[in-house]
Amino acid sequence: MIKRILAATAVVLAATAPAFAHLDPVEHGSFAAGFTHPLFGLDHILAMVAVGLWAASIGAGENLKNAIWIVPAAFVVTMAIGFGAAIIGVPMPFVEPVILASVIFIGIMVALALPLPVLGVAGVVAFFAFFHGHAHGEEMGDAGAWGYAAGFVAATIVLHAAGVALGLLAGRLLAGARGVIFTRIAGVVTALGGIWIAIAG
């Protein structure tokens, strides 16, 4: 079962890897350009799916219910703030390195499966989210800010939801130690993906 889930995960990631340039907002519309922007960057995909996976693996019961809403929400809200900072011209150094660091760090934290407080995890992902949002703003081009922002926020929520669903599914279908092993493997794969992107780039 673990092999099947890992294979499905690999197929999804491969299918969403960037194959062409970002959509032209003039031709396709601002929302479409914004929605596809995170999907054309493997670093964004890995980080956002990992956020959902981390949220789904840091607790149980009421703590889990809180985590799967609070952690992704912290990312989305702070990402929007980072986007706003970019479009009004606030400079931010090391945007791309921090985005890559987010992939590696969150992957490691998922792999370690540490019992951390929900608000602590939310604070960590919020820090990284600001840089993801700033990158979206820097690459907005000719798109309209509102439509573009709505697009990448929607895509981010979808990716977070995919990570949460993956974590919950692993916990339900692979009860006990096997579910933890799968989550840890997914974290290692995420971190290695971030390292690979850093080396390849």
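The values are calculated or read from the model by the stated rules, or taken from the named source; none is laboratory data. Just so it is clear, the model here is predicted, and its values are computed rather than measured. Backbone-built Cβ (ideal geometry, glycine too); neighbour counts: all protein chains shown.
Observations, loosely collected:
- Hits in segment 99-119 - residues which are surrounded by 18 or more Cβ atoms within 10 Å (Cβ to Cβ), of a type in the set (V, I, T) and either touching a Pro at 6+ places or on another chain (Cβ under 8 Å) or more than 22 Å from G141 (Cβ to Cβ) (or both): V103, I104, I106, V110, V118
- In segment 52-69, the residues that are buried (at least 16 other Cβ atoms within 10 Å of the Cβ) and over 12 Å from the mean Cα position of the chain (by Cα): A56, S57, I58, G59, L64, N66, A67, I68
The rows are residues; the columns are (1) surrounded by fewer than 16 Cβ atoms within 10 Å (Cβ to Cβ); (2) under 24 Å from F31 (Cα atoms); (3) modelled with pLDDT under 90.
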site	(1), (2), (3)
V125	no, no, no
H132	no, yes, no
H136	no, yes, no
W146	yes, yes, no
A162	no, yes, no
L169	yes, no, yes
L174	no, no, yes
V180	yes, no, yes
I195	yes, no, no
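- Pairs with Cβ under 7 Å, 6+ apart, first in segment 144-163 and farther than 19 Å from F131 by Cα, second aromatic (F, W, Y): G147/F31
- Figure legend. Inter-residue proximity from segment 53-66: first residues modelled with pLDDT under 75, second residues among the aliphatic types (A, V, I, L, M), beta-carbon distance below 8 Å, spacing 6+ or different chains. Indicated pairs: G59/A67; G59/V118.
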